[in-house]
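The values are calculated or read from the model by the stated rules, or taken from the named source; none is laboratory data. Computed from a prediction, not measured in an experiment: that's the story for all the values here. Reconstructed Cβ throughout: ideal geometry from the backbone, glycine too, with neighbour counts over all protein chains shown. Keep in mind that these areas ignore ligands, DNA and RNA; they rest on the heavy atoms of the full protein, side chains included. Shrake-Rupley method; radii C 1.70, N 1.55, O 1.52, S 1.80 Å.
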Amino acid sequence: EGGKLFALDGQHRLHALRTIINYENTPHLNRPITGPFRKLVANDQLSVIFLQFESVEKARRIFNKVNRYAKPTSNSTNILTSEDDGYAIITRALISDDEPSKFGGSTTPPLTLYYKSTNRKLIEMEKLSLSGKDESLTTLSVIYNSVKKICAATGHPNLEEKEVIVRPADDVLAAAYEDCAIWWSVLMENFGPFRPENLNPEHVIYSRHFEQTKSLAYRPVGQEVLTEGLMLAYEKTKLTPNTLVNRLNMIPMKLGSKPWLGMLAASNGKMISSNKKTAKLLIAYYLIGDRIGAKTLRELENGWRDIHGVSSLPRPIDSN
């Protein structure tokens, strides 16, 4: 009897169907619409539920309920399945879950999904944090975040799907992958806690306790802080990965003692994520001293004072 149809759910799918059927190019980015089945889409059969309009209130209620309780895909699922997020593509290649050669990468993946000669997980694929009994060294999320930091520090363009929308070109992916693979190769070869002799589940579980000497390196929050501080130091100095990672080995990493107690770890061993920014600056300061710059140094001093109540910072590893 006339009137209009409104999509209460599936708005993006409806928009995609209309675009493919009605246009040769996408309306906003003006990219050509291609693909072997493009001409067949108009003949697709779809299941649709039609509801008679009764009131604006009822329409809003249906829209709200359908979308509020729809279960979104997890962060890990997005990393493992996205074919358009450049950081996700590189992450999968780094952990040997995909072949870097598909987009032109040549360096052997520095990470594996499992501990050597076992079927026990080196990388936790779902959870964002690790408990005291978790045997994994790190999480997929930590590696993904490290890829973003390494790419930014080494001068690559933003590769995040929500920014670029479409898959980055293969040469862009390959160049970014190579830099990420170099940094992770150096970390796995030269960073003490990640060296092969320390990579077994029992050692990782034991070393994660906050009173152990290298516990910072076995907590996901600690790993993110170490990576971010490392890349900040690289941005400021362009020192080689080997040089900076060797200095990283000399940083105090016992969460149960100063400087990390009260900054990244509470007295019960729980992590304090709210101070990650100050911790990152401290890592960079340990590595390169005053070369972090006057503004960054003041920011670090203020954060240190707020946490520890004193103004004097610890000595850097090397201030030259």
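Lys and Arg at +1, Asp and Glu at -1: add these up for the other residues within a Cβ distance under 13 Å of MET188 and post the number.
0
Report the paramagnetic label zone for VAL166: residues of region 28-53 whose backbone N is under 19 Å from a point 7 Å from Cα along the Cα-to-Cβ axis.
Only 28-39 fall inside the zone, counting backbone N under 19 Å.
What residues of region 45-66 lie in the reach of a label at LEU14, counting those whose backbone N is under 14 Å from a point 7 Å from the Cα along Cα→Cβ?
Counting only backbone N, you get 47-53, 59-60, 62-64.
If you line up the long axis of helix 170-190 against the longest principal axis of the chain, both from Cα atoms, how many degrees apart are they, to the nearest 10?
That works out to roughly 30 degrees.
With a probe of 1.4 Å, find how much accessible area the chain has per residue, and write the answer as a whole number in Å².
Here the residues of the chain average 57 Å² of exposed surface.
Can you grab the distance from the C-alpha centre of region 19-93 to the C-alpha centre of region 254-279, Å, no decimals?
Using only Cα atoms, the two centres lie 42 Å from each other.
May I ask you to list the chymotrypsin sites (Phe, Trp or Tyr not before Pro) in region 223-303 that are in a DSSP loop and have at most 16 other Cβ atoms within 10 Å of their Cβ?
Here no loop site has a sparse enough neighbourhood.
Which pairs, out of LYS162/LYS254; LYS127/LYS214; LYS71/LYS102; LYS236/LYS276; LYS148/LYS238, put more than 29 Å between their alpha-carbon atoms?
Over 29 Å apart, Cα to Cα: LYS162/LYS254; LYS71/LYS102.
Let me know the shape class of region 187-320, please: from the alpha-carbon gyration tensor, a ≥ b ≥ c as square roots of the eigenvalues, rounded when a/c is under 1.5, otherwise prolate if a/b is greater than b/c, or oblate.
Here region 187-320 falls in the oblate category.
List the residues, sorted by chain then number, that are 5 or more residues from TYR114 or on another chain and whose placed amide H is less than 5 Å from its amide H.
Distant-sequence amide H within range of TYR114: LEU122.
Could you list the chymotrypsin sites (Phe, Trp or Tyr not before Pro) in region 68-103 that lie in coil according to DSSP, counting only those with at most 15 other Cβ atoms within 10 Å of their Cβ?
Answer by residue number: TYR69.
Where the Cα atoms of region 136-179 are projected onto their three principal axes, how long is each span, largest first, in whole Å?
33, 21, 16
With an 8 Å cut-off on Cα pairs and a minimum separation of 6 or more residues, tell me the relative contact order of the chain in percent.
Here the relative contact order equals 12 percent.
Counting only protein heavy atoms and using a 1.4 Å probe, what share of the accessible area of the chain belongs to carbon plus sulfur, as a whole percent?
Carbon-and-sulfur percentage of accessible area, whole number: 52.
Calculate, for HIS28 and GLN52, the FRET efficiency according to 1/(1 + (r/R0)^6) with r their C-beta to C-beta distance and R0 30 Å; round to the nearest 0.05.
Working from the Cβ atoms, E equals 0.35.
Would you kindly calculate the mean projected area, averaged across all directions, of the convex hull enclosing the Cα atoms of region 18-149, in square nanometres?
Across all orientations, region 18-149 yields a mean hull projection of 14.2 nm².
Between THR77 and ALA266, 0.36 nm times their residue separation minus their Cα-Cα distance comes to what?
Separation in residues times 0.36 nm, less the Cα-Cα distance, equals 64.9 nm.
Any idea what % of Cα-Cα pairs in the chain are farther than 36 Å?
Beyond 36 Å sits 34 percent of the P(r) for the chain.
Quick check: the angle from helix 11-22's long axis to the longest principal axis of the chain, C-alpha only, nearest 10 degrees?
Approximately 60 degrees, to the nearest 10.
Taking the chain as the reference, fit the longest principal axis to its C-alpha atoms, fit the long axis of helix 56-68 to the helix C-alpha atoms, and give the angle between the two in degrees, 0 to 90, nearest 10.
40
Can you give the accessible area of SER273, probe radius 1.4 Å, in Å² rounded to 10?
The value for SER273 is about 70 Å².
Rg to Rh ratio, region 260-320, alpha-carbon atoms and Kirkwood radius?
0.98
Of PHE191, PHE210, which has the most accessible area and how do the rest follow, probe 1.4 Å?
The ordering from most to least exposed comes out as PHE210, PHE191.
For every other residue with a beta carbon closer than 13 angstrom to the beta carbon of GLU135, add +1 if it is Lys or Arg and -1 if Asp or Glu, then tell me the sum.
After counting each charged neighbour, the total is +2.
Could you tell me, in Å, what Rg and Dmax come out for the Cα atoms of region 66-131?
My reading of the Cα-based Rg and Dmax gives 14.4, 47 Å.
Between LYS258 and HIS209, what FRET efficiency comes out of the Förster formula 1/(1 + (r/R0)^6) with R0 = 22 Å and r the beta carbon distance, rounded to 0.05?
Step by step, r from the Cβ atoms, then E = 0.80.
Return the sequence-ordered ³J(HN,Hα) values of region 244-251 in whole Hz as given by the Karplus equation 6.51 cos²θ - 1.76 cosθ + 1.60 applied to θ = phi - 60°, using x for Gly and Pro.
5, 5, 4, 5, 4, 5, 8, 6
With +1 on each Lys and Arg Cβ and -1 on each Asp and Glu Cβ, how big is the dipole of the chain about its Cα centre, in debye rounded to the nearest 20?
Computed charge dipole of the chain: roughly 860 debye.
By a straight-distance test (C-alpha under 16 Å), which lysines pair with LYS39 as possible cross-link partners, with residues fewer than eight away in the same chain excluded?
Reachable lysines: none.
Find the all-direction average of the projected area of the Cα convex hull for region 153-198, expressing the result in square nanometres with one decimal place.
Orientation-averaged projected area of the Cα hull: 4.2 nm².
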